[in-house]
Amino acid sequence: MANRIKVMVVDDSAVVRQVLTSILADDPGIEVIGAAPDPIFALDKMNKNWPDVIVLDVEMPRMDGITFLRKLMAERPTPVVICSTLTEKGAETTMQAMAAGAVAIVTKPKVGLKQYLQESSEELFQAIRGAARANLRRIKASPTPLNPAPKLSADAILAPANQAMAQTTDHVVAIGTSTGGTQALEEVLTALPRVCAGMVIVQHMPEKFTGAFAARLDGLCQVEVREAQNGDRVIPGRALIAPGGRHMLLRRSGAQYHVEVVDGPPVSRHRPSVDVLFRSVAKSAGKNALGIIMTGMGDDGARGLKEMHEMGARTVAQDEATCIVYGMPKEAVKLGAVDRIVPLERIPQEILAA
């Protein structure tokens, strides 16, 4: 019991509270210690038994989730997983919550809630585990779930690279990140000047949310940031973020690069997958590329970065001290896929060197 992750569910919908509590009870590594209809009720319960992770709605009476989140981070930082409606409005609000310090997102539909959450239970469990392991200083061991989905490799989307591409004057930066990545990407991209290598990015995030995330970053950065669409050119000063729910691949035509956005099964249990992006970069850019793996839980991207390394690309991993969750970079380092390990604040310099 002592090793279980203690979770508080805060949502104004009694149905959501009931469904989330029921689903979380299926994971022996998670214990729901309480559920509350709003943050004021939640605080009363939490002061008696403080949770390891809070699953938080954003739109609630008396005190909204973002106000509560900011108060929490200022007074007693605690990992928060946002449970947000799968709508454009919900996506915009959730981006504010991520900027305020939330570490992960799970989505809920307006209809078919129970079935949707049951089908997405593995995503929910992973989000809570990742949040429980978060390095709270960077935010201003659990059992394997029952009947996990098969973990596919990038072979499900495209074959491995078998030869390096000829070198060109155009270079591409490929970045992969997950838990804690929204804050980390903001720090990196806002530090870059307008003129820098073109970037392709996978941030694990549900569909509809990546568009709002890209739009928010575009308003903060000198570089252009947009959610990728099929056929978009990868050009200096532009960062393309893979759309949630679809894979993004780099393609080369002559000396020019563009992206292909495709459907397909989850790879390394993610869609978009960093492994898929990195493999495509290994195939299409080879030594013309820089691969960067940043904060995140799990191992998505580690094998893909290894393939980039083998094709002559330079490879960089974020260091443990500056990661919110040191999972993906750690696995890449263990595979021998990484040339350099640097703190988050040094990553913009690595990109400019490309």
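So here's what we get for this one:
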{"read-out": "Strands (runs of 3 or more DSSP E) lying entirely in region 238-326 (those with 3 or more residues that are buried (at least 22 other Cβ atoms within 10 Å of the Cβ))", "value": "238-241, 247-253, 289-293, 314-318"}
{"read-out": "Boolean, ASP27 is modelled with pLDDT of 90 or more and part of a loop (DSSP other than H, G, I, E, B)", "value": "yes"}
{"read-out": "Every residue from region 268-297 that is among the β-branched types (Val, Ile, Thr) and within 18 Å of GLY130 (Cα to Cα)", "value": "VAL274, ILE293, THR295"}
{"read-out": "Failed condition for ALA134, given (1) more than 29 Å from ALA321 (Cα to Cα); (2) at pLDDT 90 or above; (3) of a type outside the set (S, T, N, Q); (4) assigned to a loop (DSSP other than H, G, I, E, B)", "value": "(1)"}
{"read-out": "From the options VAL103, VAL81, VAL32, VAL58, residue that is touching an Asp or Glu at 6+ places or on another chain (Cβ under 7 Å), within 27 Å of GLY327 (Cβ to Cβ) and surrounded by 15 or more Cβ atoms within 10 Å (Cβ to Cβ)", "value": "VAL58"}
{"read-out": "Yes/no for ALA282 being in contact with a helix residue (DSSP H, G or I) (Cβ under 6 Å, 6 or more places away or on another chain), modelled with pLDDT of 95 or more and assigned by TED's automatic domain parsing to the domain that holds GLU227", "value": "yes"}
{"read-out": "So GLN126, is it part of a helix (DSSP H, G or I), under 19 Å from VAL32 (Cα atoms) and either in contact with a His (Cβ under 8 Å, 6 or more places away or on another chain) or not aliphatic (A, V, I, L, M) (or both)", "value": "yes"}
{"read-out": "Test result for ARG4, under 21 Å from the mean Cα position of the chain (by Cα), basic (Lys, Arg) and at pLDDT 90 or above", "value": "no"}
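The values are calculated or read from the model by the stated rules, or taken from the named source; none is laboratory data. If you're wondering where the values come from, they're calculated on a predicted model, not measured in any experiment. FYI the Cβ positions are ideal-geometry reconstructions off the backbone, even for glycines, and counts take in every protein chain you see.
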